[in-house]
Amino acid sequence: MSTAAPVSTRLLAPLYGGSRRFRLIVMALAAIVACAAAAFLTQAVVGLGLTGMRRPVFWGFYITNFVFWIGISHAGTLISAILRLTKATWRRPITRCAEAITVFALMIGGLFPILHLGRPWLFYWLAPYANQRVIWPNIHSPLEWDFFAISTYFSGSLLYLYLPLIPDLALIRDRSAGWRRRLYGALAVNWQGTQKQWHRLEFAIQLMAAAIIGVAISVHTIVSWDFSMSIVPSWHSTIFGPYFVAGAIFSGIAALIIVMALLRRLLHFEQWLQPVHFDNLGKLLLTMSLLWGYFVAAEMITVWYGNDPSEMASFWARVSQNYAPLFWTMVACNFLIPFPILAIKKLRTITGTVIASSTVVVGMWLERFLIVVPGLAEQRLPFDRWLGYVPRWPEIVITVGSFAAMTLLYLLFSRLFPMISIWEVTEPQPVAEAVPVPVAVRNEIQEEAQ
Amino acid sequence: MIEISRRYPLPNPHLERDLASLQQAGIDSRQIAVLSREPLPVELPASGRSRLSLLAVTGAIAGMAGALGLVAWTVYSYRLHVGGMPFFAPLPAGVITYEMTLLAAIVTTVVVFFLEAGLGPGRRVPPHPELQSGEALLSVQCRDLEQAEWVRRILVD
């Protein structure tokens, strides 16, 4: 596509393409997802005994993946909402890429507690609906809070993705014919672009951004309470709420950088996703890396100083025994590798931030695993320690399938909807933001006004 | 109704001038529409006052009341003794109430936005697919030929 073509035409180009390579990738990903679905069906028929979960480690890969994907979901809505509220103009090309990550990561993350159930077909019992025994979910359980928190976050994020999409859907509607016109016409809900509609849209987005920040923070805090409300060594900690939220934003930013780099490469968005975006997000990632390091250090020092035997068993298991290789890999991935890359300006390039982000994603998955498993494996009874946790094939296949599902959903979304908000990037910026006014000129204007 | 319209490449001082002229000529603001592919950098008087924030807060309060009612109904419908907590424990109820309050605020915001912006299925969309990014279209729905002539003079001449 020529750079002389209008911005909207270039941004809509991926919707009208469809190469053979794309179809092959989609088919390969769909095959992996189908394998994961088959693994789940087998597990549902045979039972959870097919997995590596045994007493005392009754939470394994599934809950690790649940926490990981909910964390990744913080990439979008939260970051986008903060940038919108602070009116950061550089946010314009990245908000939609980010918001889409949230919706798909929540869809996938929300599935894992269901996959983890012995009778997954009864998952709807979590919903407080009136049945033959009146209504009876246990409101006191953090798992029930998860149901409300994730439902709210998913609904809010979906609406927050949809609202800014409406003007672009109307643009596609006006440029299409046939099924596209019908589809986008229905989704555009008769958007005309009147000034009243623009005014209301911008106001509604601002209001939703304010509300969604509160939801996003609460969601990961509640996920952390699944652990910290239990009297389990290394889980029962007051720091878990902010620690989980910081970790979620950390992994979320990393995922966003990787997705942006892929979009830039595959959809040729070089003009919009510029080095400055990676530089700014790299700085945010650096801040979160430092914050993550601070939280881990604060937690570890407190546990070590307290010297409680049951806590120390879990502590040593992570630092120098069974889980030490994973623990030190996590520290390297989340801090030792990304810190120099992101702190040195010369290294904070697109390639540099992508390398740092890739290590962070791996490190944050390991961090979730190291929260879930060692705490359960190292309990108070000595014989518990003999029984470790080794994931079996269904857990591994389903975990791989979740990554494939995320990629597949994102690819399909990029073929149906513009990945960069067209109206936001073409919106005329206020003069003060577009061109900085030199001090001398500003003084001259002020004098003239006086 | 006769529609007279004109497209303005942006930025364009003529748009505000023509709008003012139309209002001075006694054209009702409900007959005038300014359409664009992106928000205009200028403030136009056609937007009116929004009740979005007020209704969002009202929705949030309704959500809060609904959540408290739901929790109370649930815990007293099927009484579970959990860790010495009262049936209606403030902290668990607070978590669910918080989530449902924000959900109600978000849903109300979207519903009110749709209503105030005149969106939704079944409404008529004026056919202006030619409108491009970086331009505005000023459209006037004239009552009769005489008014249409006045508007044409303002917009075209």
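The values are calculated or read from the model by the stated rules, or taken from the named source; none is laboratory data. These numbers were taken from a predicted model, which means no experiment stands behind them. Virtual Cβ from ideal backbone geometry, glycine too; neighbours counted across all protein chains shown. Heavy atoms of the whole protein, side chains included, go into the accessibility calculation; ligands, DNA and RNA do not. Shrake-Rupley method; radii C 1.70, N 1.55, O 1.52, S 1.80 Å.
Before moving on, here are some points about what is shown:
- Considering chain B at the alpha-carbon level, its Rg and Dmax are found to be 25.1, 82 Å.
- The tail of the calculated P(r) for the stretch A:259-335, taken as Cα-Cα distances beyond 17 Å, holds 62 percent of the pairs.
- Max mean-square fluctuation residue, GNM over chain A, Cα-Cα springs under 10 Å, options A:Ile82, A:Ile166, A:Ile135: A:Ile135
- With contacts taken as Cα pairs under 8 Å and at least 6 residues apart, chain A reaches a relative contact order of 29 percent.
- Lys pairs under 23 Å by Cα in the protein assembly as shown, provided they are eight or more residues apart or on distinct chains: 4
- Calculated translational diffusion coefficient of the stretch A:68-216 (10 °C, 1.306 mPa s; Stokes-Einstein with Kirkwood radius over alpha-carbon pairs) equals 91 µm²/s.
- Leading residue at positive end of dipole, the protein assembly as shown (Cβ point charges), from A:Phe327, A:Leu267, B:Pro39: A:Leu267
- Kirkwood-type hydrodynamic radius, chain A: 23.8 Å, calculated from all non-identical alpha-carbon pairs.
- Here, the stretch A:172-315 has an Rg and a Dmax of 22.5, 70 Å when only alpha carbons are counted.
- Chains A and B together bury some 5000 Å² of accessible area, summed over both sides, with a 1.4 Å probe.
- Exposed-loop-free span, longest in chain B, where GluC sites (Glu not before Pro) count as exposed if DSSP calls them loop and at most 11 other C-beta atoms lie within 10 Å: B:44-129
- Placing +1 on the Cβ of every Lys and Arg and -1 on the Cβ of every Asp and Glu, with no other charges, gives the stretch B:1-60 a dipole of roughly 100 debye about its Cα centre.
- Volume of the convex hull of the stretch A:142-232 (Cα atoms only), normalised per residue: 97 Å³.
- Its alpha carbons considered, the stretch A:323-380 gives a radius of gyration followed by a Dmax of 13.8, 50 Å.
- Largest GNM mean-square fluctuation among A:Phe66, A:Phe123, A:Phe327, using chain A with Cα springs under 10 Å: A:Phe123.
- Expressed as a whole percent, the accessible surface of the protein assembly as shown that belongs to carbon and sulfur atoms is 67, based on a 1.4 Å probe.
- Cα-based helix-to-principal-axis angle, A:195-228 vs chain A, degrees rounded to 10: 10
- Kirkwood Rh (inverse of mean 1/r, distinct Cα pairs), the stretch A:74-137, angstrom: 14.4
- Projected area averaged over orientations for the stretch B:47-96, convex hull of C-alpha atoms, nm²: 4.1
- Binning the C-alpha pair distances of the stretch A:1-129 at 5 Å intervals from 0 yields a P(r) profile of 2, 8, 11, 14, 15, 15, 12, 9, 7, 4, 2, 1, 0 %, listed from the shortest bin outward.
- Helix-only CD estimate at 222 nm, as mean residue ellipticity for chain A, using -39500 (n - 2.57) per DSSP H run (n ≥ 4): -23500 deg cm²/dmol
- Calculation over all alpha carbon pairs of the stretch B:70-144 in 10 angstrom steps from 0 returns a P(r) of 13, 23, 19, 14, 12, 11, 7, 1 percent.
- Angle in degrees between helix A:178-187 and the longest Cα principal axis of chain A, rounded to the nearest 10: 70
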